[in-house]
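Peer 1: Here you go, one structure.
The values are calculated or read from the model by the stated rules, or taken from the named source; none is laboratory data. Just so it is clear, the model here is predicted, and its values are computed rather than measured. Because the Cβ atoms are built from the backbone with ideal geometry, glycine has one as well, and the counts that use them run over all protein chains shown. In case anyone asks, the SASA skips ligands and DNA or RNA and just uses the protein heavy atoms, side chains included. Shrake-Rupley method; radii C 1.70, N 1.55, O 1.52, S 1.80 Å.
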Amino acid sequence: MKRLINILTNVCRLLLAATFVLSGYVKAIDPLGTQYKIDDYVAAVGLSGTVSDWFTLFASVALSATEFALGVFLLFAIQRRLVSKLVLGFVGVMTLITVWIYIYSPVEDCGCFGDAIQLTNGETLAKNIVLLLAAVVVARWPLRMVRFVSKSNQWIVTNYTLLFIIVSSAWSLYTLPPFDFRPYHIGADLRKGMEIPPGAKQPQFETTFILSKDGETREFTLDNYPDSTWTFIDSKTVQTEAGYVPPIHDFSIVNVATGDDITQEVLNRKGYTFLLISPFLEQADDTNFGAIDQIYEYAKQYNVPMMCLTASGKAAIGRWQDLTGAEYPFYTTDATTLKTMIRSNPGLMLIKDGVVVNKWSHNALPKQERLNAPLGQLSIGKIDPTSVTARITKVVLWFALPLFLLTLADRLWTWTKWIRTQRKRSKLYNLLKIKRRKMRKKIVAGNWKMNLNLQEGLALAKEVNDALAADKPNCDVIICTPFIHLASVAGVLDSKLVGLGAENCADKEQGAYTGEVSAEMVKSTGAQYVILGHSERREYYNETPEILKEKVLLALKNGLKVIFCIGETLAEREANKQNEVVKAELEGSVFNLSAEEFANVIVAYEPIWAIGTGKTATAEQAEEIHAFIRSVIADKYGNEVAENTSILYGGSAKPSNAPELFAKPNIDGGLIGGAALKCADFKGIIDAWKK
Ligand code: PEP
């Protein structure tokens, strides 16, 4: 479910982002077109004339920049909570507007995608309902949006996006929109744009005639038009059915003085014509009239007709002529058509054989020095076939590529940072591990089992004691002897050098248990340790987990530290049950202890198949299970207790294999059987801690 929501949110976010980026961009690069659309809406609500042009132009730039920026922010998942709410609000308002235009049709085209994509009011409403649903999803789970750029670098995307879109708008306003989606774009054949394809549906009109006779006024149609005794008063014509409307349908050039329509003459003329276009000369920017006059001079020189098309009346034309010294002729064309032809007032269009060859804003007219040959020989007189590709490339290079590179660098940076942190963490972890390992005791304990008589035992204990006195060990050393040796051995050992332990103790405190030795008795000999749970005692003396539990409790109660043995048989190892076995042994006899009590337990892992057999577990095998034992202790008592618990390895340990075993991070020493019976071997193992 969580995965599904993630996918859904990100699909919705990308859909919204793509729509906002596209709609914002196409509007931003045509600020005047967007302003005209805003004017349409202003007129639709009856506010024409009350809102200044500057305000609607500002609204045009602000609206498109906001849309574009919200799209980019969604794409990069910037300020996810805030942006998702703003997008929801934005789409919500837009949906209400489209409901209104769907019902009342105050405008023909919503203008959502400028002139790039034209939608009917029904299509717009459907689109906005889909977007609204997507916006609800994104606003519901904003944090599910996956980030493409880390938080610390988001300001770069934010500022760059705002800068890019505002500069794009300003530049388009100064020059012309880089992409022209109107029927008067460069390369457009104006005559073709006016054609109605054969068989195309014609619009249907119905005319009603109002006539009167003898004081009676009635309406008639052509079908029931009355005789001449009726007097004509008025007529109304309404369109009853829509028909095919060609892309260019309102273009006409009319001679102001004569009223002659010269549209076809101009369009069918062979060769070039300059059309200076100004919807309203009274609002035209006259800053560059010098450059316009130079072009007129050039046009005259090379016999290229040049005319000004405007919707202004005689007075405005006269003012313009006085102001600029214009000598070119003036013709009348519909203002909306002129605004559609070029987004500049005034702007210059060059046509050849009725095809648009080039367009310029008055701010970017061809320089005089470039006008030094007939148009056919100049680049401005030719349609640039690469211009659209070049413009797309420019946008990609200026916007998409830097952000793509930023994203790439950011991801790389985040990734390397992550690696560095991981490394640092593992270094720190290793340091801690080493520190912790230093904190827990390194121990080598000997288990004499049922070997050596008292004299032999005393001699060995003395030899070990002397050897260690002469060469101080790097770990704790313990000798665990049969009961009868304990008191005497205690007498020959320096307790600071060598600890003393028993190999067993009773599971009863005291009383009529013939042959048993209690924990208290062990302690009274001077011993500090006791081995419990050795596999030989579990096997030969049927010591169950319950019995061992009692023994452990009594030993701890009497101040003895417990070396608690665990380990699996060969069959259990072969069945890969070693982990289960050792865990159960701990749980069965020592996991009832409190953490404080457990601090006095040393765990000895002794695979039964390795005890006294000459077969040693490999260092890797031992390390693996020691780590597992530590994790089991950590689960039970927490990491700190686990890290402080010494876990010894036992099973055919020798001076030759001890260094490799002891080098493992989770092996804290050994419980030594056979090799503890000879001082040199025992000392050899103890010395493994020095390597
Ligand atoms: C033991 O009995 O605890 C033991 C590890 O014996 P050995 O070292 O002889 O295998």
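Peer 1: Using only DSSP helix segments of four residues or longer, with each worth -39500 (n - 2.57), what per-residue ellipticity at 222 nm results for the chain after dividing by its residue count and rounding to 500?
Peer 2: After summing the helix terms and dividing by residue count, I get -15500 deg cm²/dmol.
Peer 1: Another question, then. Give me the tail of P(r) for the stretch 75-167 as a percent: Cα-Cα pairs with distance above 24 Å.
Peer 2: Details: 1572 of 4278 pairs.
So the portion of pairs separated by more than 24 Å is 37 percent.
Peer 1: Additional query: Once you have the Cα-Cα distance between residue 283 and residue 50, take 0.36 nm times their residue separation minus that, and quote the gain in nm to one decimal. Walk me through the numbers before you get to the answer.
Peer 2: Details: separation 233, 0.36 × 233 = 83.88 nm, distance 1.73 nm.
Gain on stretching residue 283 to residue 50: 82.1 nm.
Peer 1: Take the chain, compute every pairwise Cα distance, and split them into 20 Å bins from 0; I just need the percent in each bin.
Peer 2: 14, 27, 15, 13, 15, 13, 4, 0
Peer 1: Now a separate question. Stretch residue 421-residue 546 to full length: gain in nm at 0.36 nm per residue minus the Cα-Cα span? Please list the in-between numbers first.
Peer 2: On the way: separation 125, 0.36 × 125 = 45.00 nm, distance 4.74 nm.
Result for the pair: 40.3 nm of gain on full extension.
Peer 1: Could you tell me what fraction of 2.2 N^0.38 Å the Cα radius of gyration of the stretch 260-366 comes to, as a two-decimal ratio? Working shown, then result.
Peer 2: Numbers: Rg = 12.6 Å, N = 107, 2.2 N^0.38 = 13.0 Å.
After normalising by residue count via 2.2 N^0.38 Å, the value is 0.97.
Peer 1: Something else about it: Over 18 Å, how big is the tail of the calculated P(r) for the stretch 593-643, in percent of all Cα pairs? Don't jump to the answer; show the numbers that get you there.
Peer 2: On the way: 504 of 1275 pairs.
For the stretch 593-643, the fraction of Cα-Cα distances above 18 Å is 40 percent.
Peer 1: Which is the longest part of the chain that has none of the GluC sites (Glu not before Pro) sitting in a DSSP loop with at most 14 other Cβ atoms within 10 Å? Display every interim value, and only then the final one.
Peer 2: On the way: sites that count: 108, 195, 327, 509.
Here the longest run is 510-691.
Peer 1: May I pose another question? From the cross-link list 449/551; 615/664; 508/636; 85/417; 37/367; 449/472, which pairs have alpha carbons spaced over 22 Å apart? Could you put the intermediate results ahead of the total?
Peer 2: Working: 449/551 18 Å; 615/664 18 Å; 508/636 27 Å; 85/417 32 Å; 37/367 33 Å; 449/472 25 Å.
As for pairs spanning more than 22 Å Cα to Cα, those are 508/636; 85/417; 37/367; 449/472.
Peer 1: Also: How far apart, in nm, are the 7 Å Cα→Cβ label points at residue 497 and residue 262?
Peer 2: 12.6 nm
Peer 1: Testing the spin-label approximation: label points 7 Å from Cα along Cα→Cβ at residue 96 and residue 14. State their distance in nm.
Peer 2: Spacing of the two 7 Å Cα→Cβ label points: 3.3 nm.
Peer 1: Can you report the principal axis dimensions of the stretch 461-542 using only the alpha carbons, biggest first, rounded to whole angstrom?
Peer 2: 44, 25, 16
Peer 1: Can you tell me the convex hull volume per residue for the stretch 652-691, based on C-alpha atoms, in Å³ to the nearest whole number? Could you put the intermediate results ahead of the total?
Peer 2: Values: hull volume 2.2 nm³, N = 40.
Dividing the Cα hull volume of the stretch 652-691 by its residues yields 56 Å³.
Peer 1: Report the equivalent ellipsoid semi-axes for the stretch 202-241 in whole Å, largest first, defined as the square roots of five times the eigenvalues of the gyration tensor built from alpha carbon atoms. Mind showing how you got there, number by number?
Peer 2: Working: eigenvalues 105, 18, 8 Å².
Computed over the stretch 202-241, the values are 23, 9, 6 Å.
Peer 1: Return the long-range amide H neighbours of residue 529 (sequence gap of 5 or more, or a different chain), with a cut-off of under 5 Å between placed amide H atoms.
Peer 2: 500, 501, 502, 561
Peer 1: On to the next question. Check each of the trypsin sites (Lys or Arg not before Pro) in the stretch 373-422 and keep only those in coil by DSSP with at most 14 other C-beta atoms within 10 angstrom; list them in order. Could the numbers behind the result be given before it?
Peer 2: Details: sites: 382, 391, 394, 411, 417, 420; in loops: 382.
Those satisfying the criteria are 382.
Peer 1: In addition: Rounded to a whole number, what % of the accessible area of the stretch 202-241 do carbon and sulfur atoms account for, probe 1.4 Å?
Peer 2: 45 percent
Peer 1: Starting from the Cα of residue 241, step 7 Å along the direction of its Cβ; do the same at residue 378; then give the gap between the two resulting points in nm.
Peer 2: 5.1 nm
Peer 1: Can you tell me the Rg and the Dmax, both Å, for the Cα atoms in the stretch 585-688?
Peer 2: 14.0, 39
Peer 1: Now a separate question. Under 20 Å from the 7 Å Cα→Cβ point of residue 232, by amide nitrogen: which residues of the stretch 196-226?
Peer 2: 205-226
Peer 1: How much length is gained if the chain between residue 439 and residue 120 is pulled fully straight, taking 0.36 nm per residue apart and subtracting their Cα-Cα distance, in nm to one decimal? All intermediate terms of the calculation are to be shown ahead of the outcome.
Peer 2: On the way: separation 319, 0.36 × 319 = 114.84 nm, distance 7.82 nm.
Gain on stretching residue 439 to residue 120: 107.0 nm.
Peer 1: Put +1 on the Cβ of each Lys and Arg and -1 on the Cβ of each Asp and Glu in the stretch 254-385; which of 254, 349, 316 then has its Cα farthest toward the positive end of the dipole?
Peer 2: 349
Peer 1: Kirkwood Rh and Cα-based Rg: tell me the resulting Rg over Rh for the stretch 1-181, rounded to two decimals.
Peer 2: Values: Rg = 16.7 Å, Rh = 16.9 Å.
A ratio of 0.99.
Peer 1: Here's something else I'd like to know. How large a share of the accessible area of the stretch 607-691, in percent, is made up of carbon and sulfur atoms when the probe is 1.4 Å and the other protein chains stay in place?
Peer 2: Numbers: 1660 of 3190 Å².
The C+S portion of the solvent-accessible surface of the stretch 607-691 is 52 percent.
Peer 1: Still on this structure, please answer the following. Would you work out the charge dipole size for the chain about its Cα centre, treating the Cβ of every Lys and Arg as +1 and the Cβ of every Asp and Glu as -1, and quote it to the nearest 20 debye? Could you put the intermediate results ahead of the total?
Peer 2: Working: 73 positive and 71 negative charges, 605 e Å.
Once rounded to the nearest 20, the dipole reads 2900 debye.
Peer 1: Rounded to the nearest 0.05, what FRET efficiency do residue 323 and residue 81 have when you use their Cβ-Cβ distance and R0 = 56 Å?
Peer 2: Values: r = 55 Å, r/R0 = 0.99.
With a Förster radius of 56 Å, E is 0.50.
Peer 1: Probe of 1.4 angstrom, ligands and nucleic acids ignored: what's the accessible area per residue over the chain, in square angstrom?
Peer 2: Details: 35010 Å² over 691 residues.
Solvent-accessible surface per residue comes out at 51 Å².
Peer 1: Once the Cα atoms of helix 578-589 and of the chain are each reduced to a long axis, what angle between those two axes, in degrees from 0 to 90 to the nearest 10, is obtained?
Peer 2: The angle comes out near 60 degrees.
Peer 1: Over all directions, the average projected area of the alpha-carbon convex hull for the stretch 300-356 comes to how many nm²? Don't skip to the answer; put the middle values down first.
Peer 2: Working: hull surface 18.0 nm².
The directionally averaged projection comes out at 4.5 nm².
Peer 1: Still on this structure, please answer the following. If you wrap a convex hull around the Cα atoms of the stretch 167-269, how much volume per residue is inside, in Å³?
Peer 2: Given the Cα convex hull of the stretch 167-269, per-residue volume reads 244 Å³.
Peer 1: What percent antiparallel are the DSSP beta bridges of the chain, to the nearest 5? Present the calculation step by step, with values, prior to reporting the outcome.
Peer 2: Working: 31 of 69 bridges.
Once the DSSP bridges in the chain are tallied, antiparallel ones form about 45 percent.
Peer 1: Calculate how steeply helix 483-492 sits against the longest principal axis of the alpha-carbon atoms of the chain, using the helix alpha-carbon long axis, and give the answer as 0 to 90 degrees to the nearest 10.
Peer 2: 90 degrees
Peer 1: Still on this structure: Within the stretch 1-181, what whole-number % of the accessible surface is contributed by carbon and sulfur, with the 1.4 Å probe and all protein chains included in the calculation?
Peer 2: It is 72 percent, rounded to a whole number.
Peer 1: Compute the acute angle (0 to 90°) between the alpha-carbon long axis of helix 80-104 and the principal axis of greatest extent of the alpha-carbon atoms of the chain; round to the nearest 10°.
Peer 2: 30 degrees
Peer 1: OK, next. Give the whole-number value, in cubic angstrom per residue, of the convex hull volume spanned by the C-alpha atoms of the stretch 56-129.
Peer 2: About 100 Å³ per residue, rounded to a whole number.
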